[in-house]
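Where a number appears in this text, it was derived from the coordinates with a stated rule and is not lab data. Owing to the predicted nature of the structure, the values given are computational and were not obtained by experimental measurement. Please note: Cβ atoms are built from the backbone with ideal geometry, for glycine as well, and neighbour counts cover all protein chains shown.
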Amino acid sequence: MQRKKASANIQIDNERIRVTEYSFNRNEETGFHIHQWDYVVIPQTNGQLLLIDDKEVETTTTLIKGEPYYRKAGVSHNVINNGKEKLVFIELEIKAHSIKKFI
């Protein structure tokens with residue numbers, strides 16, 4: 001199924017983190033991608049996601065506004081707004097893991 005792309009607005013991108021706001025209308029998607037860094041997702045709205053991984057396994061999940069979740073690097077998937085309403089979340093990717101580098 002051909003879907004429109006979700007809107008991705010990079011808010012911060014430096015040597016330590018990348019913060020991106022994703023905005024999805026119903027049935028919009030990120031497209032298949034692999035996460036290079038550990039990341040945290042902070043939902044800004046309630047919503048339903050359909051996640052399709054690199055083996056084409058489908059998982060649905062419910063996002064609750066303000067309830068963040070964490071995932072390790074290496075996740076590969078396509079993220080689709082599977083709900084009836086617009087969905088917005090903030091993704092914070094953690095590029096730098098060692099404090100030694102910055103001391």
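Details
- Pairs with C-alpha atoms separated by more than 21 Å, drawn from the list Lys4/Lys72; Lys55/Lys86; Lys5/Lys86; Lys4/Lys86; Lys65/Lys86, are Lys4/Lys72; Lys55/Lys86.
- Local net charge near Glu28, Cβ-Cβ under 11 Å (Lys/Arg +1, Asp/Glu -1): +4
- Charge dipole (Cα centre; +1 on Lys/Arg Cβ, -1 on Asp/Glu Cβ; no other charges) of the chain amounts to roughly 180 debye.
- Computed packing ranks the peptides 65-72, 17-24 as 17-24, 65-72, most packed first, by mean other Cβ atoms within 10 Å.
- Neighbour net charge for Asn46 - beta-carbon separation under 12 angstrom, K R +1, D E -1: +1
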